[in-house]
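In what follows, a structure is listed as structure tokens, so that the remarks can point back to it.
The values are calculated or read from the model by the stated rules, or taken from the named source; none is laboratory data. Just so it is clear, the model here is predicted, and its values are computed rather than measured. Counting neighbours? That spans all protein chains shown, and the Cβs are built from the backbone with ideal geometry, glycine included. The protein model used for the area step is the full one, side chains on, heavy atoms only, and it has no ligands, DNA or RNA in it. Shrake-Rupley method; radii C 1.70, N 1.55, O 1.52, S 1.80 Å.
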2 protein chains.
Amino acid sequence: MEKIPIEKMATILKLLGDKTRLTIVSLLNERECCVCEFVELLDMSQPSISQHVRKLRDKNIVTEKRKGQWIFYSLNKENEFYPAIASVLQQIPSQEEKLLQLEKLGKKIICD
Amino acid sequence: MEKIPIEKMATILKLLGDKTRLTIVSLLNERECCVCEFVELLDMSQPSISQHVRKLRDKNIVTEKRKGQWIFYSLNKENEFYPAIASVLQQIPSQEEKLLQLEKLGKKIICD
DNA sequence: TCATTATATAAGTATATGCTTATATGTCAA
DNA sequence: TTGACATATAAGCATATACTTATATAATGA
């Protein structure tokens, strides 16, 4: 396993050490999502979510892909820290249920 | 594996998401240490180290044991978050070398 | 073209964080 | 008992963080 320098690891843990961002990353571990889905699921303001997503984007933890008026985010599995992130996600409950609820409410964004 | 609620995990990651505290925990993963060893190894003031150690103690991540004038800290392997912490430590380089250097300099604290 | 929707960004603000300096507490040894 | 050492804690301060509100940008569809 590739070791991560202690300073870089601290940076990543700090990034994940926030309930909102950890939830976002955990949701993205299930499937790609757009900002409005985060706003719905986390019950937070759109700018607040956007600012959290930006921090993840700045560190290349997530990637974005525009589809029409929506921007979908995904976990970047190519990122050097992805294995570390995956090992954290393994230890928290799956967010699958929340995404299924979103779909039941007809609030899943579909645009393919 | 026991799952950790997302909110608690965020709290732990935040605690570890600091270079000083992550280094302290990594050092304690090698052997028990006293505060003055952290001061020496991390080149930081004694109060600053004490304050970081306190945060780890408050969350029961480390335990203390007085030996004469020194207080030795250890990783608390009974703590519910120890497995999560161990999995993080596995992914960063061992701090063994730094502890060996300390011993070469005759600065290891021995009191048994 | 214009209103609507999705998202990003900027500016402001309250609180959290991590240091500093000063001081208190506890142990040892002369 | 007193001085030295190890550690903890308190208070103060500068910077970081995570919101808020307001506004900008971009795409859609009537």
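The amide H of A:Lys59, built 1.01 Å from its N in the peptide plane, has no neighbour under 5 Å, considering only residues 5 or more places off or on other chains.
Taking a sphere under 11 Å around the Cβ of B:Gln101 and counting the other residues whose Cβ falls inside, with K and R at +1 and D and E at -1, yields a net charge of 0. When B:Ser45 is represented by a point 7 angstrom out along its Cα-to-C-beta vector, the spacings to that point in the other copies are 3.6 nm, nearest first.
The residues of chain A have, on average, 55 Å² of accessible surface per residue, using a 1.4 Å probe with all protein chains present. Would you tell me the mean number of C-beta atoms belonging to other protein chains that fall within 10 Å of each C-beta in B:18-30, as a whole number? Mean partner-chain Cβ count within 10 Å for B:18-30: 2. Annotation: A:His52 carries an accessible surface of approximately 30 Å², with a 1.4 Å probe and no ligand, DNA or RNA atoms counted. The shape of region B:6-104 can be summarised by an equivalent ellipsoid whose semi-axes, obtained from the alpha carbon gyration tensor, come to 21, 15, 13 Å from longest to shortest. For label points placed 7 Å from Cα toward Cβ, what is the shortest-first list of nm distances from B:Gly106 to its copies? Going from nearest to farthest copy, the values are 8.1 nm.
The H on the amide N of B:Cys33, modeled in the peptide plane, is under 5 Å from the matching H of B:Tyr73, each at least 5 residues off or on a different chain. In the assembly of identical copies, B:Arg31 has its label point, taken 7 Å from Cα in the direction of the beta carbon, separated from the corresponding points by 5.4 nm (ascending, one decimal). Spatially, region B:16-76 and region B:88-106 are offset by 14 Å when compared through their Cα centroids. Backbone geometry of region A:66-71 corresponds, through the Karplus equation with coefficients 6.51, -1.76 and 1.60 at θ = phi - 60°, to 3J(HN,Hα) couplings of 7, 10, x, 7, 9, 10 Hz, x marking Gly and Pro.
With q set to 0.11, 0.12 Å⁻¹, the log10 of I(q)/I(0) for the protein assembly as shown, from the Debye formula over equal scatterers at the Cα positions, is -0.61, -0.70. Close lysine pairs were tallied over region B:6-104: pairs 8 or more places apart or on different chains with Cα atoms under 17 Å apart number 10.
Its Cα centre serving as origin, chain B has a Cβ charge dipole (Lys and Arg +1, Asp and Glu -1) of approximately 220 debye.
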